[in-house]
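Every number in this text was worked out from the coordinates using simple rules, so none of it is lab data. Everything quoted here is computed from the prediction, not taken from an experiment. All Cβ positions, glycine included, derive from the backbone under ideal geometry; neighbour counts span all protein chains shown.
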Amino acid sequence: MHSKAQALLEAHLAFIKNQLQQGEIVTQEVLGFFDWFKTQKITDLWCSQHITALLQQQILLTPATDHLIQQIQQHITLALQHPHNEHTTIEEVLPVETIDQIAQYIASKSEHRQKLVKQLVHNPVYIELISNLVQQSLQDYVDQSVVAKKIPGVGSFMKMGKSVIERATDRTFDDALRLYLHKNFNKLSQLSEKLINQHLDDDKLYQLQAKLWHKIKKAPLSTLQHYIVIEDLPQTVAMGEQVWNHIRQTDYLQAQIASGVNAWVEHHAQDTFAQALQDINIDENLLRTELYQLIMPILNQVIDQGYLLDRARFYLEQFYGSDEVNVILEQ
């Protein structure tokens, strides 16, 4: 390297080092970059294809690591076992106004509720359940009330030969009852639907939810541990991971994400980053301050450890050692 080039290199590096040691200059550059960035249009820097490709690669095509799964389990466990759960009641974290609004909303959906009830009571599984319940209840009534108590002498006779009574009465009764229920499935379903709707009208459903809220609102959050077994978390989290691993690879979710990204980019096609941040309720001045506080410690470390100056030297040495610079210095 030419002697003058070497001298210029050292002078150049000394100048850069001096500038970096002046904190206000670095601050101005960081804040200046943020001011420049927020005025840029989103579509000038990003396109929907790039955003979608990033999301697909990092979220849809990349399975969760074992370490991440373990962290999820640990955080759920910490949340459930937090000491404040013992002294914090449900009503302290759930506002009663919101609970009341939810109760009113659910109670007001009469049409939706009636459709759900109709689908439930006309389901074959429900019909079978109710039929078995009716049959068993009537059988118990006959066994306990009619045969054993209301027919004189039958109680003693049953002890001597219950199997005879069963063959003579119960089996006939069971067959007749089963036949009757089978013929009247539709009537049972319609009756069930009518009774459920009567007992779950708007006002009664609202009152039911209100009673439930007053029953649980004073309970501590630690009550959740009665329903969520911590020892089962590895299994339940693993099942959640299996569901996610399936969903993330479906064409459906990929199409949903692609459509969502396209809609977002189109909506903000003419917006700057500052306007986009404002739309999601992020104050740019606060973000500017927070970003500054996050970036500055990193830059200070880069400067103090000499990394930035070393990188500057690497490129400047190539510049001052170039033929173009030597030609200039020889003139």
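In what sequence do V117, V229 fall when counting other Cβ within 10 Å, fewest first?
If I rank by nearby Cβ atoms, fewest first, I get V229, V117.
Could you give me the ³J(HN,Hα) list for region 42-47, computed from phi with Karplus coefficients 6.51, -1.76, 1.60 and θ = phi - 60°, whole Hz, x at Gly and Pro?
The phi angles translate into 4, 6, 6, 10, 10, 10 Hz.
Can you work out the FRET efficiency for the pair Q249 and E10, with r the C-beta to C-beta distance and R0 = 51 Å, to the nearest 0.05?
Values: r = 57 Å, r/R0 = 1.12.
Between Q249 and E10 the formula returns 0.35.
Ignoring the sites themselves, what is the longest stretch of the chain with no trypsin sites (Lys or Arg not before Pro) in a DSSP loop and at most 12 other beta-carbon atoms within 10 Å? Spell out each step's value before the answer.
On the way: sites that count: K150, K218.
Result, exposed sites excluded: 1-149.
Choose one of L55, V96, M296: the residue whose Cα lies farthest towards the positive end of the charge dipole of the chain (beta-carbon charges +1 Lys, Arg; -1 Asp, Glu; about the Cα centre).
My answer, from the dipole projection, is V96.
For the chain, give the magnitude of the charge dipole about the Cα centre (Cβ charges: +1 Lys/Arg, -1 Asp/Glu; no others), in debye to the nearest 20. Please list the in-between numbers first.
Numbers: 27 positive and 39 negative charges, 516 e Å.
The calculated dipole for the chain is roughly 2480 debye.
Can you sort E290, E111 so the residue with the fewest Cβ neighbours within 10 Å comes first?
Result, fewest neighbours first: E111, E290.
Within region 291-331, which chymotrypsin sites (Phe, Trp or Tyr not before Pro) sit in a loop by DSSP and count at most 11 neighbouring Cβ atoms inside 10 Å?
Passing both the DSSP loop test and the Cβ count: no residue.
Roughly what would the spin-label model give for R178 and Q81, points 7 Å off Cα along C-beta, in nm?
5.3
Suppose a student asked you for the relative contact order of the chain, using Cα pairs under 8 Å spaced at least 6 residues apart; what percent would you report?
Computed value for the chain: 47 percent relative contact order.
Run the Debye formula on the Cα coordinates of region 209-331, all scatterers equal and no solvent, and tell me log10 I(q)/I(0) at q = 0.12, 0.15, 0.16, 0.20 1/Å.
-1.06, -1.04, -1.01, -1.04
Around S3, under 15 Å between beta carbons, what's the net of Lys plus Arg minus Asp minus Glu among the other residues?
So the environment of S3 carries a net charge of -2.
Near L212, within a Cβ-to-Cβ distance under 14 Å, what is the net charge of the other residues, with Lys and Arg +1 and Asp and Glu -1?
Working: positive: K204, K211, K215, K217, K218; negative: E91, D100.
Here the count lands on +3.
Cross-link list K109/K217; K118/K211; K194/K215; K194/K218; K183/K211; K118/K218: which exceed 32 angstrom alpha carbon to alpha carbon?
Working: K109/K217 24 Å; K118/K211 26 Å; K194/K215 28 Å; K194/K218 35 Å; K183/K211 39 Å; K118/K218 35 Å.
Too far apart for the 32 Å limit: K194/K218; K183/K211; K118/K218.
What is the extension gain from K204 to L55, computed as 0.36 nm multiplied by their sequence separation minus the C-alpha to C-alpha distance, in nm to one decimal?
Gain on stretching K204 to L55: 49.0 nm.
Using every Cα-Cα pair within the chain, state what percent have a distance larger than 26 Å.
Tail fraction, whole percent: 79.
Could you give me the ³J(HN,Hα) list for region 58-71, computed from phi with Karplus coefficients 6.51, -1.76, 1.60 and θ = phi - 60°, whole Hz, x at Gly and Pro?
Whole-Hz 3J(HN,Hα) from phi for region 58-71: 7, 10, 7, 9, 10, x, 5, 6, 4, 5, 5, 4, 5, 5.
With +1 on each Lys and Arg Cβ and -1 on each Asp and Glu Cβ, and nothing else charged, work out how big the dipole of region 1-144 is about its Cα centre, in Debye to the nearest 20.
My answer is approximately 760 debye.
Could you give the distance between the Cα centres of region 25-81 and region 270-301, to the whole Å?
If you average the Cα positions of each part, the centres end up 14 Å apart.
Give the long-range amide H neighbours of H268: residues separated by 5 or more places, or on another chain, with amide H under 5 Å away, using H modelled in the peptide plane at 1.01 Å from N.
none
Placing +1 on the Cβ of each Lys and Arg and -1 on the Cβ of each Asp and Glu in the chain, which of H12, V30, A276 has its Cα farthest towards the positive end of the resulting dipole?
A276
Compute the distance in nm between two label points, each set 7 Å from the Cα along the Cα-to-Cβ direction, one at A238 and one at Q135.
4.0
Along the Cα→Cβ direction, 7 angstrom out, place labels at T223 and H122. What is the inter-label distance in nm?
Going by the 7 Å Cα→Cβ label model, 3.8 nm.
With the radius of gyration and the Kirkwood radius both derived from the Cα set of region 1-118, what is their ratio Rg to Rh?
Numbers: Rg = 29.3 Å, Rh = 23.0 Å.
Taking Rh as the inverse mean 1/r over Cα pairs, Rg/Rh reads 1.28.
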